[in-house]
1. Using 0.36 nm times the number of residues separating residue B:550 and residue B:805, minus their current alpha carbon distance, what extension gain do you get?
2. Just tell me how shielded B:124-136 is by partners: mean number of partner chain Cβ atoms within 10 Å of each residue's Cβ, no decimals.
3. What is the Cα convex hull volume of chain B when expressed per residue in Å³?
4. In percent, what relative contact order does chain B have, based on Cα pairs under 8 Å that are 6 or more apart in sequence?
5. When ranked by the protection proxy of mean other Cβ atoms within 10 Å per residue, highest first, what sequence do the peptides B:667-679, B:543-555, B:617-629 form?
6. So how do B:585-598, B:251-264 stack up, highest first, on mean other-Cβ count within 10 Å?
7. Over the Cα atoms of segment B:746-898, Rg to Rh with Kirkwood Rh, two decimal places?
8. What number, rounded to the nearest 500 deg cm²/dmol, is the helix-based mean residue ellipticity at 222 nm of chain B, given -39500 (n - 2.57) per DSSP H run of at least four residues and division by all its residues?
C-alpha cells in the first residue's frame, strides 16, 4: 500500500514548518507587524517602513501579492474592519500558523546568531590580546 | 461585501488615477480581489507624505515595480488560474523546474514498478499494436510516400500498355511535355566459359538510360555513345559481379562469351543502384548492354520489345503528357491502322502513369487492406490499454486521495499521471519498434514476390518518429484519459470509505462495457476477414487445376543460336530423349510454356485468332505448342476425341486439341468439334482431333480462356525458350540433379537454372493468397486473444471489487449459481452487442476484400456465423472463468477481511 514517504513533492514536506524557512525579510517584517495587531494595507506599509527604519519599503501591488500568498497559506486571515468610518477597509490578522512560522523563523535566526556570536567574541578576544 | 463607492474617485490625484489605470494590467481575478485595496493603499501612501522626495520615492517604487508584479501575476495566473479563481490551495512557486521533471519521472517509474503486471501488459499491448501498424506503415511509406531513388523521380513517367517498338519510341519523342525518353528490353542469355554455364538476365538499354536513372560505375565505366555502334560491350550489375567473379576487378577489360559471342566487360554498376523494376522483366538484370540497332527487326512496328520511360519537362504535368500521348496514339493509328487499331476500330491508346505508380500501384490495394487490419488490431489493443488504465486508476483512488489531502493539487496529480503515461509510451515505442523490426523481417521473408521494391524497405528515423507519435497518442488518449476520469472523481468518497468499494460508478462501468463491445466488434471484423481469406485459400488449394501436379518436374531451357524451327526442335528432341532415358523418368515432354509458369495476369506467350475456315475470330486464342509425351505428363481430362500420337504430329493438316470453351464457341459442343478444321492466324489450318477440359494454365484463380494445343512442329517461329516437363516414378528427391546431368550429357554448355516440381509452381501460384490469409489469420487470432483478455481482465477485476458485496449476498442466502450467472451475463451482454455491431461492420469489410476472394462470397453467411460463434465462445470462456471465481467466494472469509 501507498505511504506518504513515497511522495517527494514539496507539498508533503510543506507540512514541516522548517521547510518554509528562511523567510524573506519582507515576509518576516509583515508577520512581525501583524503579530502586534490587525492592520489594513496602508497600516502594514507604514509599520514596516518604521520597523525597518526605511530599510524595507513596500509598494501596494507587491504587498497584496504577498498578503494573498500568506492568506492562501493560512498564515494570516482577512477581516473586515467595521469599527471605523463608512469606507470599510480590509484588514489582515495573523493566525496561529502565522505565529508559529514567525516564532520558528525568529528562533532559527537566534540559533544562527547563537552559533555565530561566540566566534565573533573569540575572534575579538584574540585580537585584543 | 460592498467596496468603496466609485464616486470617491472623482477629484482624486492624477498619480492615484494613473496607478488605478495600470492596475488594469493585472489578471482579472487579482484585480477583482485586491485592486481596490491596492489603489486605496497607494492613495494613502500618496497622501501621507507630501514632500517631493517622499512622493518621488513612492512613485518610483509603486510604478517601477509594477512590470515585475504584472509578469509574476500573469505567470501564476497562466499556470494555476483555476486555483486563484477558486481560492484552492495549489502550487505557489512557478517556473519550469528541471528538478521537478526529474523527480516526476522518478516518482512515475517507482509508481509503475509497483504495479509490474499493469506496466508490462500495457507496454506489451502498446508495443503489439504500435509494432503491427509500424510494420505495415513502413512498407506503405517506402512504396507510396517516398520518391523512387532516381533523379527527378517526381517527373518520371511510364507508357503503359505492354512493350513498344523502336518506331513507337521515335513517335513518343515528338511529345513536347516529355524532355527525355529511355527504353530497355530484357532477354535471357547464356554465359559460358566462366565455370558452369549459367543463364543470365540481360537488359538492353538506350543511350541515356544510366544517366536518366542516376547510375554510376563501381569499377570501370558505363556505356558510352560509341558502344552503341557495335553493341559488343557489357556492364555487369554489382550483384552478378560479386556472385560470379567474387568482385574481381580484373574482369573489367576482359572478354566474356555471351550466347557464344565475345563481349567486352566495360565496367560494373554501382552497388547502390536500384534497377527500375518496371523497366526490367524479372527480378534483377545481371548484364546491361546497348540496344542492338543492327537487329533486322529494329524498324518493325510489330516488334514490341521495349519498356519505355520518360522524364517530364520541368513545368509539365502527367495530364499534359497524357494529352500529348493521346495525340500520338491518334496520329499513328491514322498512319499505321493495321498496327494501332483493334478489330473493333478502336485505337490502341497510350496510358501514361508515373513511374512510381507503375512500380508499386499493384500492391496498393493489398497494403491498404493490411493497413486497415493492423489499425483494427491497434484499436483492440487500445481498448485493452484503456481497460487496464481505468482499473489501475480505480485501484489508486485512495493513493491519489491521500496525496490530495497532503496538499497535491489536481495539476500535480494530473502531471504525475501524464508523466506515467509518457513513460509507458516510451517503453511501448521501444517494444513496438522491436516488434516492427521482427515483423518486417517476417513479412519480407513471407512474401518477397508480392511486394515491389522489397529490398528498399528498412526501419529508419522517420518510422521511429511515427511509432513514437503513435505510441504517445495511444498512451495519452487510452491511458491518461481513463485514469484522469477516474482520478478526478470520487476522491473524497474514496477516503471516506477507506478506499474499499470504489468501482468508478455507473459511468466507469458502462464505459467498460462499451470497451468490451468495441473490442468484440473489431475482433469480429478481423476474424471474419481471416475466415474469408482462409476459405479462399483453401478453395484455391482444392480447385482442380485440370492437369497433373504430382511427380512432375520442370525446367526452362533456353536453346539459342537457331534460326529455323527444324534444327531447334532436333536439339530439343535430343534433350528430351536423354532426359526420358534417365532412370525413374516415366515420360518427358516440352512446350512453349508450362501450366502455372505465367500467373498473376502476365500471360505468355503466343496468342492468335482461331476460327472456322473462312471466318474471322473475334477473340484471341492462347496457342500451346507441345511435343513429346505432353499428355502423359500432364494428363489433361479428355472430353471428346483423343490425343494425337507422336507419329501423327507431322500429319497434314496438323492435329490440334481445343479446350472446351473454344470448342463450344466455334462448334457449339465438345463432340461437335472433333474432326472439324480450324484456321489459326499465322499458323495455318489444323484438324481438331479432340477436346480437353478447361484447365488453370494461368493461375489457380484465373480461367484459361480460349486455348488450343498444337504440335511443336506446326509452330511458325523459333521462340527464345521452351519448358521441359517430366513425369517421374518413385522417390524423386534427387530428380533435379539427375535431370541436370541428363541435359548436360547432351548440351554441356546449356544452363539449367531452375529445376522445379509442379508442386512448387502451384505453391508459388497461390503465394499471394497464402500471404494474405496467413497475415489476416495472425491478426484475427491476436485480436481474438486481446478481446478475450480484455473481457477476462475486466470481469476478474469487477469480481475482485465486489468480493465483499458478493460475500454478503452469499451470507444472506444468495445462490452461488445466480452469482455466477450474474457475472457471466455481465460479460456476455456487451459481447453479444459487440457481435451485432461487428457483424454489420464485417459485412462491410468483406466487400473490400471482394476481388481478392476466390470461391467464397464476400458476405458468406456460414463464414460470418462461424466467426460470430468463435467470438462468442471465446467471450463465454473469458466470462466463465471469473464467474467461477465469484461462485467460489467464501462469505466468512470475505467478511473477516473487513
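Bear in mind that the values in this text are calculations on the coordinates, not laboratory data. In this text, all values refer to a predicted model and were calculated from it rather than measured experimentally. Here the Cβ is made from the backbone with ideal geometry for all residues, glycine too, and neighbour counts use every protein chain on show.
1. Working: separation 255, 0.36 × 255 = 91.80 nm, distance 6.71 nm.
Net length gain for the segment: 85.1 nm.
2. Working: counts 0, 0, 0, 0, 0, 0, 0, 0, 0, 0, 0, 0, 0.
The mean count of partner-chain Cβ atoms within 10 Å per residue comes to 0.
3. Details: hull volume 256.6 nm³, N = 898.
That works out to 286 Å³ per residue.
4. Working: 1491 pairs, mean separation 125.1, N = 898.
After rounding, I find 14 percent.
5. Working: B:667-679: 16.7, B:543-555: 18.7, B:617-629: 20.9.
Ranked from most to least packed, the peptides come out as B:617-629, B:543-555, B:667-679.
6. Details: B:585-598: 22.5, B:251-264: 15.4.
Those peptides, ordered most packed to least, come out B:585-598, B:251-264.
7. Working: Rg = 25.4 Å, Rh = 19.5 Å.
Here the Rg-to-Rh quotient is 1.30.
8. Numbers: 31 runs with 467 residues, N = 898.
So the helix-based figure for chain B works out to -17000 deg cm²/dmol.
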